[in-house]
1. Being closer than 28 Å to residue 8 by Cβ and within 12 Å of the ligand (Cβ to nearest atom) is the filter here; which residues of region 138-153 pass it?
2. Select from region 83-111 the residues that are hydroxyl-bearing (Ser, Thr, Tyr) and either open to solvent by less than 50 Å² (accessible area, probe 1.4 Å) or touching a Cys at 6+ places or on another chain (Cβ under 7 Å) (or both) and write down the one among them that is farthest from the ligand (Cβ to nearest atom).
3. Taking the condition out of contact with any strand residue (DSSP E or B) (no Cβ under 9 Å at 6 or more places or on another chain) and surrounded by 10 or more Cβ atoms within 10 Å (Cβ to Cβ), does residue 116 pass?
4. Being in a strand (DSSP E or B), more than 16 Å from the ligand (Cβ to nearest atom) and either of a type in the set (Phe, Trp, Tyr) or within 14 Å of the chain's Cα centre (by Cα) (or both) is the filter here, so list the residues in region 112-126 that pass it.
5. What about residue 274, is it part of a loop (DSSP other than H, G, I, E, B) and small (Gly, Ala, Ser)?
6. Somewhere in region 137-153, is a residue in contact with a Ser or Thr (Cβ under 6 Å, 6 or more places away or on another chain), open to solvent by 10 Å² or more (accessible area, probe 1.4 Å), within 28 Å of residue 266 (Cα to Cα) and in a loop (DSSP other than H, G, I, E, B)?
7. Going residue by residue through region 216-239, is there one that turns out to be touching a strand residue (DSSP E or B) at 6+ places or on another chain (Cβ under 9 Å), exposed (fewer than 15 other Cβ atoms within 10 Å of the Cβ) and part of a loop (DSSP other than H, G, I, E, B)?
8. Does region 182-201 hold any residues that are within 16 Å of the ligand (Cβ to nearest atom), on the phi < 0 side of the Ramachandran plot, assigned to a loop (DSSP other than H, G, I, E, B) and more than 22 Å from the chain's Cα centre (by Cα), and which are they?
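The values are calculated or read from the model by the stated rules, or taken from the named source; none is laboratory data. These figures come from a predicted structure and were not determined experimentally. Glycine also receives a Cβ, built like all others from the backbone with ideal geometry; neighbour counts cover every protein chain displayed. With ligands, DNA and RNA removed, areas are computed over all heavy atoms of the protein, side chains included. Shrake-Rupley method; radii C 1.70, N 1.55, O 1.52, S 1.80 Å.
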Amino acid sequence: MEPHFSLWPEVASKHAANIDYLFIFLCVVSIIMTAGIFVTVFWFAMKYRRRSPDEIPPYIHGSWKLETAWSVLPFLVMLVMFGWGVKLYFDAYTSPPNALDVYVVGKQWMWKVQYPEGQQEINELHVPAGRPIKLTMASEDVIHSFFIPELRIKRDVVPGYFNSISFTATKPGRYHLFCAEYCGTQHSGMVGWVTVMDPAEYENWLASGGTGSMASQGEKLFQQLGCSTCHLLDQQGRCPVLRNVYGSPVKLDDGRTVIADDAYIRESVLDPNAKIVAGFKPDIMPTFQGQISEEGMMQLIAYIKSLTGPPRPPIGAADTGQTYGGGRFGGPGTPENSNAGATAPAPIGPTPITERPQPPRTSPERNR
Ligand code: CUA
């Protein structure tokens, strides 16, 4: 972009113009209110000034009409600001179901970006124009703030949580990306570029690299961390079955029901006893705090998200011939009766008990 002077950054996303209108509205209202108050102060100071040392001013009764007007009118103006702001807030902070997912991790001092298809980059973000994008964001260390002025998006990235924001870029181009929260020595260097591309160009870009999809990287982690020992994909192991769990309600042993979203899965990995699934005992699962990076967590979640469809034989089942005790027949096995599985040596699933045809080897969790 050529350097140029302008009051506003370019308008490059769908909601950008609306945010500008709200901003202009706030400025205009503030100017009118400030001017109105100061003009009145000076006018009254002149009009009601003391004209002689012994002047006694007349007694003035209040006016309920005036008081009501100056209370109700500003209140209505404030409500407009509130309603307008809320609408824009929800536009930016809730994402449409067809949004493309992109995952961002802030880290002293860089932005690491990964795509479900497997691309990874640092201080660069590529998105197609005209499609809603959902950024899921986390921090590896301290609070950062992800800020793209031209897209009018800014969201703090807080350690310990996933945050998300969504936007639809409208104008292909290259825009500055900033960290907008002081995060240490090189905070000012925590900058990068966002490239908004034509959809066709974006498809080419996506196809041009990558080291296996996020789901397949997550599957590797699932094996490495030993999750697959207890979370069998299609039969009850010592721990809950994870297929089709993403996005669906989970009944807890305290009677509550929660939705298995990113935050729930993240918490269950790091603090397994926080929410115990109904029918399971606490302390069966160890915490993985400190053993998995935020990026890895995102991959793991992408893997769990990819576990959809009807039950299939677990990964590697055909090669190992291992059998676990309790949940062998896929019934509602309890942790007690499946504890036999705890001693199974291989972190790989059991022999499938299945009448279903073998799925094609292209399914996400077989894509190794
Ligand atoms: Cu990261 Cu400032």
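1. 143, 144, 145, 146, 147, listed by residue number.
2. Result: 95.
3. So residue 116 does not fit the description; no.
4. The one that is in a strand (DSSP E or B), more than 16 Å from the ligand (Cβ to nearest atom) and either of a type in the set (Phe, Trp, Tyr) or within 14 Å of the chain's Cα centre (by Cα) (or both): 114.
5. Criteria met by residue 274.
6. No, because not a single residue in region 137-153 is in contact with a Ser or Thr (Cβ under 6 Å, 6 or more places away or on another chain), open to solvent by 10 Å² or more (accessible area, probe 1.4 Å), within 28 Å of residue 266 (Cα to Cα) and in a loop (DSSP other than H, G, I, E, B).
7. no
8. Correct list: 185, 186.
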